[in-house]
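The values are calculated or read from the model by the stated rules, or taken from the named source; none is laboratory data. Because the structure is predicted, anything quoted here is derived from the model rather than measured. Note that we place each Cβ from the backbone using ideal geometry, even for glycine, and neighbour counts take in every protein chain shown.
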């Protein structure tokens with residue numbers, strides 16, 4: 001005999017293919033982004049520790065550490081911010097929304113996610129333009145192309161668009177996006 005909860009879940013998956021497909025794609029991407037952001041933060045701590053150790057113990061501060069830490073900060077914050085959009089970990093002003101009737105609140109939430117998606121498009125587009133403008137320049141002391149500073153801006157913008165679309169679809173269907181850390 002089949003479990004009724006499993007049967008209901010299977011029926012839901014069949015009746016909502018677009019939201020399920022988008023969630024199946026976005027949830028693991030967000031989870032990987034979260035893990036990479038945490039790992040990047042740990043690497044930043046190690047780099048800064050090495051820089052301080054080199055400066056005060058070895059009397060020879062490594063020249064590459066500051067630039068690498070700055071590049072990693074871009075990746076950690078921008079990818080982490082995109083994951084925050086999907087998992088609703090971003091700063092929100094819910095106090096006014098809570099007081100509204102359900103239909104008005106849902107419409108405003110859709111408008112908010114559309115605006116966030118537009119912001120994500122602007123991030124990705126402008127990151128692309130800026131990255132293309134410095135494609136041949138090298139980062140001092142690292143020898144890496146300057147364009148790597150703009151990759152997280154583009155990736156974060158695209159992720160924010162995808163995560164916002166997922167939220168919009170869920171709101172239109174009366175569902176909630178399950179956070180990737182669940």
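Some observations on this one:
- All conditions but one from (1) crowded, with 16+ Cβ neighbours inside 10 Å; (2) more than 30 Å from residue 70 (Cβ to Cβ) apply to residue 108; the one that does not is (1).
- Residue among 148, 165, 160 that alone is touching a residue at least 40 places away in the same chain (Cβ under 8 Å), under 20 Å from residue 67 (Cβ atoms) and within 18 Å of the chain's Cα centre (by Cα): 148
- Condition check for residue 112: under 30 Å from residue 164 (Cα atoms) and free of Cβ contacts under 8 Å to residues at least 24 places away in the same chain: yes
- Any chance residue 106 is at pLDDT below 95 and touching a strand residue (DSSP E or B) at 6+ places or on another chain (Cβ under 7 Å): no
- Residues (more than 17 Å from residue 151 (Cα to Cα) and either touching a helix residue (DSSP H, G or I) at 6+ places or on another chain (Cβ under 9 Å) or surrounded by 15 or more Cβ atoms within 10 Å (Cβ to Cβ) (or both)) located in region 18-29: 18, 19, 20, 22, 23, 25, 26, 27
- Residue in region 140-149 that is out of contact with any strand residue (DSSP E or B) (no Cβ under 9 Å at 6 or more places or on another chain), farther than 23 Å from residue 63 by Cα and surrounded by fewer than 18 Cβ atoms within 10 Å (Cβ to Cβ) present: no
- Taken as a whole, the condition of being surrounded by 14 or more Cβ atoms within 10 Å (Cβ to Cβ) and over 18 Å from residue 79 (Cβ atoms) does not apply to residue 129.
- Of the set (1) assigned to a loop (DSSP other than H, G, I, E, B); (2) surrounded by 12 or more Cβ atoms within 10 Å (Cβ to Cβ), all apply to residue 156 but (1).
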